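Novice: Take this structure, written in structure tokens, and hold onto it; I'll ask about it next.
The values are calculated or read from the model by the stated rules, or taken from the named source; none is laboratory data. As the structure is a prediction and not an experimental result, all values here were calculated from the model. Glycine also receives a Cβ, built like all others from the backbone with ideal geometry; neighbour counts cover every protein chain displayed. Protein only, heavy atoms only, side chains kept; ligands, DNA and RNA dropped before computing areas. Shrake-Rupley method; radii C 1.70, N 1.55, O 1.52, S 1.80 Å.
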Amino acid sequence: MKNLILLLILSSFVLGEGQTLKIFGTVKTGAGEELSFANIRVAGTPQGTSANVEGVFELLLPRGQYNLIASYIGFRSDTITVDLKGNMELEFVLQETGVRLGEVTVLPGENPAIAIMKKAVEYREKRDEQIESYIFDAFTKAAIKTTEDITSGDRSLSVGVGVDPDKELLISGILENESRGYFEKPNSYKEEIIARKQSANFPPSVNLLTGNRLVQNFYTDDLRFFGKPMFGPLSDEATDYYYFRIEDTLAQDNSNIFKIFMTPDDETDPGFVGHVYIEDGSFSMLKVDVTLNTAANPGGIFTDIRVFQQYSKFENNIYMPVDYRLFAEGNFLSIFKFGFEINSILYDYDINAGIEDDFFDMAVITVLPGADDKDSLYWTERMTIPNTLEEAKAYKRIDSLESLPVSFWDNVSLLSTSIPFTKHFEMSAPLAMYHFNKVEGNSVDLGFYLNDALGKRLNAETEFNYGFADKRFKKSFSGYYLMGDYRTTRIDFEAYDKLATLFSETDYYNPFTSTLLSLFGKYDFRDYYYTSGYELSFTSEIFPVLEIGAGWISKTDRIGYNRSDFSFFNRDKEYDINRPVNQLRTNAASASFKLDFRKFIEDGYYRRRVSPHAFWAVLDGSYTISDDNLGSEINYKKYKLGLEGKINLFRTTDLNFLVKGLYSDGPAPFQDLYALPGNISGGAKNDSYRTLKYARVYGDQVLSVFLDYNLHSTLFNILNVPFLKEEQLRMSVHFNAAWCNISGESLAIIPVDYQLFTTPFYETGFSISHPLIPFEFEFTWKLTHKDDDNFRFGLNTFAF
């Protein structure tokens, strides 16, 4: 017993010696005002932190003696020596300091601020030469602000629309994570999410929005906002792109610091407006405090976007970022006001650390196992950003709202397509319980859906519908199960007896569009056929860049006939005759592959591909065989190949491309041909032929090419027409080509008329859009195969 007590005492002593303790407190001025984002460093170490907006900080250290230094530009640093034996509260008081002007060599006629910024760029270049790699720790907190509380299930977020824009913004969601970042020249980067948490109304996967991949470093020449590259204050082009002016000279301890105002030379060019702080002598940048100008604000949706970043000196006088703050508020069309904040602290740098050559792989962000399972004790022992009073109240309010019981009627909405019963189970909502077409007439629908069950691995749905015109009851069951640590293996199964849409592979229109057009315009652009059978498929990512698959399909197809002539209007008009299909039984086996060299995010559940800015491409293909040896009534082989991607070109412009090829050997049934994606009158869709009618050109030997050159606002900026630049109009140019043929074997069995493009078909046009308007105006001309419909104007929108 004595030995046991002695062992417990010794264990407690050892654990106590290694315990991490907390130093917390505030940083204030001599007048008692809080200093937002003040820096606190541990002398002689890479450790430190930054205060929050209220000047409150937390710092975790082992037992021992330390010199803690609090600093802020324009103030003399305050140093406190502590003998840390337990949790400790401190208050730093910083006094304003005087200014001693330095000397800057200025060429005759040169703006002195330009001379300073050129030297700052030189320092950046020298700094870059000193850095081969580094490792750092980070803690990031994000807050979403709305005028109404956000509600959510496990899969999505929803916010009230049409809320009062005059209401004050309140924090409606908080997300936090602890991470470790790695960098190695020339451009290898990886981040590991060690721990993450969020308020109760946010699913864990949303927390990736606060990952340090969003943290910009103004010492680099690779700044991007809203997906667009932007010149920073230290970029090679900065002194030609921006106007700089010395606005003040401040001091911090024994150093003078130039406060320099910056703004683009041309206010219609996207860029930063605000201040940079450059240290005299070393010409290192110590702080950035800027906003994005109107030209960089997409559609003017944001009323304010502020970016703030500070830098501290580490080994070999290398300055590294120690925080990153982003504050934004917006007002969408004066009906929805919102905002968000990102606050990151970066610490414990290990510069030029040895990193294993094989450490950097395809994953740029990885959520480590157990990141979502950290308890409250873990977070009390980790470096964090202290909650402000507003954040503390928000956590309490949001969690209490989420704990309130929710009744069935709370989830019923006329605008919803599904009604949730539990976290994983839903059924059809009123909006999804009805449809109309010329074959079924008025139809009622009912569906039951299982979502993200068994650890986000199982999804399934059962759907029933009855058509009052064809007097047939249809049903289907489908589901898939995901396997592997990142759910990269998938098994799909579907059994059905239903009405199918002809050429659904190239049907890009909303399912409800034909219902509305039929009821109000007596225009059903789709054709339908009955099909019953089952399908089974298996896909798996065998390498990070290669996915393979195999499948089996057994189905029987039958003709569908016009059974309804109903419409609210145009009652004298008749619906087009529903095109017949080949009535037969098909048994077919398939194999597929996909090559994708894009890197990905491992979010703790899935791998999500990240498209690089310069170039990316994905190649996929499949092989299908239908044979009487498989029990099929028709014999054919089908080969498909596709290539899609994007190339960044001049300035911020980019070229999107999609190429598809199909070849069939043997007679292919009409319903299994490939239709060139066309459009309904007045409509337009991406990756479609704007001047071709919907599903009217088809074949079993097809080559299609879609090119979309997104100029964004670049052309209008080059033309320098003030109105066009200020309105932030966007423009894109499209060019599409096709070659389409039907083999003699298929021609012998298809039951309808056909149109062939045995010589290439070309069309070209352009579109005009605005970031705040959810559609594009498109103008397209046929270049070959001209007829009576050589020009089309169309609206491209998700609403169709």
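Novice: Which distance in nm do the two modelled labels at R457 and E505 give, with both placed 7 Å along the Cα-to-Cβ direction?
Specialist: Simple spin-label model gives 3.2 nm for this pair.
Novice: Shifting gears a bit: Sequence gap at least 6, Cα distance under 8 Å: using those rules, report the relative contact order of the range 483-530 to the nearest whole percent.
Specialist: Dividing the mean separation by the residue count of the range 483-530 yields 43 percent.
Novice: Could I ask something else about it? Please list log₁₀ I(q)/I(0) at q = 0.14, 0.17, 0.24 Å⁻¹ for the range 602-652, using the Debye equation with identical point scatterers on the alpha-carbon positions.
Specialist: -0.65, -0.74, -0.94
Novice: Put +1 on the Cβ of every Lys and Arg and -1 on every Asp and Glu Cβ in the chain; which of N679, Y219, L377 then has its Cα farthest towards the positive end of the dipole?
Specialist: Of the listed residues, the answer is N679.
Novice: Another question, if that's okay. Convert each backbone phi in the range 238-246 into a coupling constant with the Karplus relation 6.51 cos²θ - 1.76 cosθ + 1.60 (shift: θ = phi - 60°), then list the ³J(HN,Hα) values in order as whole Hz, x for Gly and Pro.
Specialist: Karplus-based 3J(HN,Hα) across the range 238-246 equals 4, 6, 8, 8, 10, 9, 10, 8, 5 Hz.
Novice: Given a Förster radius of 25 Å and the C-beta distance between L389 and T294 as r, what FRET efficiency does 1/(1 + (r/R0)^6) yield to the nearest 0.05?
Specialist: Approximately 0.15, to the nearest 0.05.
Novice: Rounded to a whole number, what % of the accessible area of the range 542-612 do carbon and sulfur atoms account for, probe 1.4 Å?
Specialist: 57
Novice: What translational diffusion coefficient, to the nearest whole µm²/s, does the range 220-266 have by Stokes-Einstein, given a Kirkwood radius computed over alpha-carbon pairs, a temperature of 10 °C and 1.306 mPa s viscosity?
Specialist: Rounded, D is 129 µm²/s.
Novice: While we're on this one: For Y534 and L783, compute 0.36 nm times the residue count separating them, minus their Cα-Cα distance, and round to one decimal in nm.
Specialist: That pair, Y534 and L783, stretches by 85.3 nm at full extension.
Novice: So with the 1.4 Å probe, I'd like the accessible area per residue for the chain, rounded to whole Å².
Specialist: Each residue of the chain exposes 47 Å² on average to a 1.4 Å probe.
Novice: Then there's this: Hey, with R₀ at 60 Å, roughly what FRET efficiency would Y561 and S36 work out to, going by the Cβ-Cβ distance, to 0.05?
Specialist: According to the calculation, E is roughly 0.25.
Novice: Taking H as built 1.01 Å from N, whose amide H comes closer than 5 Å to the amide H of D524, not counting residues under 5 places away?
Specialist: Answer set, sorted by chain and number: D576.
Novice: What figure in square angstrom, to the nearest 10, would you give for the accessible area of L649 with a 1.4 Å probe?
Specialist: Roll a 1.4 Å probe over it and L649 shows about 80 Å².
Novice: OK, next. Could you size up the charge dipole of the chain around its Cα centre, putting +1 on the beta carbon of Lys and Arg and -1 on that of Asp and Glu, and report it in debye to the nearest 20?
Specialist: 1420
Novice: Could you sort R526, R76, R41 by their accessible area in this structure, using a 1.4 Å probe and putting the largest first?
Specialist: Sorted descending by solvent-accessible area, the residues read R76, R41, R526.
Novice: Further question on the same structure: Does the range 402-541 come out rounded, prolate or oblate, given a ≥ b ≥ c as the square roots of the eigenvalues of its C-alpha gyration tensor, rounded meaning a/c under 1.5 and, failing that, prolate meaning a/b above b/c?
Specialist: oblate
Novice: Follow-up. Taking only the alpha-carbon atoms of the range 665-793, what semi-axes of the equivalent ellipsoid follow from 5 times the gyration tensor eigenvalues under a square root, in whole Å, largest first?
Specialist: 36, 13, 12
Novice: Counting only residues 5 or more places away or on other chains, whose amide H sits under 5 Å from the amide H of A353 once H atoms are built in the peptide plane?
Specialist: S133, Y134, I135
Novice: Now, a different point. Please report the accessible area of K573 (heavy atoms, 1.4 Å probe, ligands and nucleic acids excluded) in Å², nearest 10.
Specialist: Counting only protein heavy atoms, the figure is 90 Å².
Novice: What part of the accessible area of the range 618-777, given as a whole %, is carbon or sulfur when the probe is 1.4 angstrom?
Specialist: Here carbon and sulfur together make up 58 percent of the probe-accessible area.
Novice: Which order do M88, M383, M262 take by accessible area at a 1.4 Å probe, largest first?
Specialist: Descending accessible area places them as M88, M383, M262.
Novice: Still on this structure: Among (i) 43, 36, 25; (ii) 50, 30, 24; (iii) 56, 33, 26, which one is semi-axes √(5λ) of the Cα gyration tensor in Å computed from these coordinates?
Specialist: Label (iii) holds the value from this structure.
Novice: Using θ = phi - 60° and the Karplus relation 6.51 cos²θ - 1.76 cosθ + 1.60, list the HN-Hα couplings for the range 697-713 in order, rounded to whole Hz, with x at every Gly or Pro.
Specialist: 10, 8, x, 10, 9, 9, 10, 10, 10, 10, 10, 10, 9, 7, 7, 6, 9
Novice: Please report the accessible area of H435 (heavy atoms, 1.4 Å probe, ligands and nucleic acids excluded) in Å², nearest 10.
Specialist: 40
Novice: Taking the dipole about the Cα centre of the chain, with the C-beta of Lys and Arg at +1 and of Asp and Glu at -1, give me whichever of A738, I718, N331 is farthest to the positive side.
Specialist: Value: A738.
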